[in-house]
Amino acid sequence: MSFIAQFPVLANCSYLNTASSGILSTSIVEWRKSHDEDFIQRGSNFRLQQREFLQDVREHVARFFHSKVENTFLVQNLSIAFNTFLDGLSPDHKFLLVASDYPSINYPVESRGFNCDYALADENFEQNILAKIESFKPSVLALSLVQYASGIKIDLNFLKRLKENYPDLLIVGDGTQFCGTTAFNFEESGLDVLMSSGYKWMLSGYGNGFALLKDQVSQHLYQDRINCPLPTEPFLKDRSLLSLCFEPGHLDTLNFGTLKQSILLIESLGTDFIANRLASIGEMAKKALTARGLLSNAVAARDQHSTIFNIPTNTELNQRLQEANIIVSPRGDGLRLSFYFYNTVEDLEKLLRILDQK
């Protein structure tokens, strides 16, 4: 199945780089053009319905991820959402993090002086987390659901069992390398908080993201402000404390409207279709790369994995990939490859031919 008409960049390259940035579809670009044309023609009048417009976006996000609308917040990116979350916590929280996780997760926690410990993301990822919880006794577990460099994916059923066994543990997930790859029911998950940028697997460009919270999370956030009266201006009516914290100032209807359009695009394709396509090409890629000895033991030994892989590289290989118009990203000591629904078996075979050259 070809997606070139919808994603023209695919006509010029093998795009194995969604883990770095998703690509825009022609239908979304057309919507963005019409949005800005409306701005050109109407000026400030084009923002008269922005309140209803943004609420509609929240409702689409909430429906797509099965979260409560009142606990769904529109944010410019993961980093802003996570920093806002951290600023609302009491400083006596203890954090369990993942060694070598995305810097936007670990650095904000470390730089604020929270007491931290770390679990290794290897073939025993879940057991490592459990052992650290039993010994360190954290109050918060914060991690990327898919590790950005290695592609190692946490077992979501493990997180659900973990929450059942440790109900007081706050489990905070970065979904930037996960959201958009499969159907996900936030309310039924083990997560208390899910935050994500939209520019990767959600295919919604830059400047948009979301934060989803369970009901009980509010009792941990901004408790020093609960007795401070909320603004009474008409344009801020009905805003909650957490809304004012996570969504301060004006929100861009272009960027968040694009997020809604991406949700509609993904729904039109079907989350089952996307998940099945990723499972198929991911299994083929893992098997082929493992057979060539290009994956770490931590990745090769795991039953579950994402469609992100990191392989050894050198200057000659980098040059061959560039000449073949295969787009990937350097991460750590290797190259990161990532496959999405618009990638084909031919893309994988082309990559393998380059890797097999001596």
Work out, step by step, the length gained on full extension between SER280 and ARG161: first 0.36 nm times the residue separation, then minus their alpha carbon distance; give nm to one decimal. 40.1 nm
Could you list the square roots of 5 times each eigenvalue of the Cα gyration tensor of segment 319-358, that is, the equivalent ellipsoid semi-axes, sorted largest first and rounded to whole Å? 16, 15, 9
To check my understanding: the extent here is largest minus smallest coordinate of the Cα atoms along each principal axis. What are those three numbers for segment 29-268, in Å, largest first? 61, 43, 30
³J(HN,Hα) across segment 211-219 via Karplus (A = 6.51, B = -1.76, C = 1.60, θ = phi - 60°), whole Hz, x for Gly/Pro? 10, 10, 10, 7, 3, 6, 5, 4, 6
List every residue whose amide H lies under 5 Å from the amide H of ILE326, counting only residues 5 or more places away in sequence or on a different chain, with H placed 1.01 Å from N in the peptide plane. SER14
Measuring from centroid to centroid over Cα atoms, what is the spacing of segment 195-264 and segment 297-343 in Å? 34 Å
Work out from phi, with θ = phi - 60° and the Karplus expression 6.51 cos²θ - 1.76 cosθ + 1.60, the ³J(HN,Hα) of each residue of segment 328-336, listed in order in whole Hz, and give x for Gly and Pro. 9, 10, x, 9, x, 8, x, 10, 9
Would you order HIS66, HIS220, HIS250 from fewest to most other beta-carbon atoms within 10 Å of each residue's own beta-carbon? HIS250, HIS66, HIS220
Counting pairs of alpha carbon atoms under 8 Å apart in space and at least six apart in sequence, what relative contact order in percent does segment 15-118 give? 16 percent
Under 8 Å for C-alpha pairs, at least 6 residues apart: give me the relative contact order for segment 29-268, rounded to a whole percent. 25 percent
Segment 11-69 - Rg and Dmax from Cα coordinates, angstrom: 16.0, 43
Taking MET202, MET284 and counting other beta carbon atoms within 10 angstrom, the fewest-first order is MET284, MET202
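So for segment 205-358, Kirkwood radius off the Cα pairs, Stokes-Einstein at 4 °C and 1.567 mPa s: how many µm² s⁻¹?
Details: Rh = 19.8 Å.
Stokes-Einstein gives a translational diffusion coefficient of 66 µm²/s.
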In nanometres, what is the gap between the two model label sites at ARG112 and HIS66, each 7 Å from Cα along Cα-to-Cβ? 2.9 nm
Peptides ranked, highest mean first, by Cβ atoms within 10 Å: ranges 229-240, 285-296: 285-296, 229-240
Across segment 192-198, in residue order, what do the Karplus-derived ³J(HN,Hα) couplings come to in whole Hz, using 6.51 cos²θ - 1.76 cosθ + 1.60 with θ = phi - 60° and x for Gly and Pro? 8, 9, 10, 10, 7, 7, x
Any lysines with Cα under 26 Å of the LYS94 Cα? List them, leaving off those in the same chain fewer than 8 positions away. LYS132, LYS137, LYS153, LYS160, LYS163, LYS214
Approximate shape of segment 219-306 as ellipsoid semi-axes (Cα gyration tensor, √5λ), whole Å, largest first: 45, 21, 10
Over segment 113-201, what relative contact order in percent results from Cα pairs under 8 Å that are six or more residues apart? 26 percent
Remind me, what semi-axes does segment 19-163 give for its equivalent ellipsoid, largest first in whole Å, using sqrt of 5 times each Cα gyration tensor eigenvalue? 37, 18, 15
antiparallel share of DSSP beta bridges within the chain, to nearest 5, in %, is 50 percent
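Could you put SER25, SER150 in order, starting from the residue whose Cβ has the fewest other Cβ atoms within 10 Å?
SER25, SER150
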What is the log10 of I(q)/I(0) for segment 76-121, computed with the Debye formula using one identical point scatterer on each Cα and no solvent, at q = 0.13, 0.14, 0.17, 0.18 Å⁻¹? -0.27, -0.31, -0.46, -0.51
What are the DSSP H helices in the chain that stretch 18 Å or more along their long axis, judged by alpha-carbon atoms, and whose average Kyte-Doolittle hydropathy comes to at least -1.0? 50-65, 253-269, 271-291
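Each reported figure results from applying straightforward, stated rules to the coordinates on display, with no laboratory input. Because the structure is predicted, anything quoted here is derived from the model rather than measured. Every residue, glycine as well, gets a Cβ built from its backbone with ideal geometry; the counts of neighbours run over all protein chains shown.
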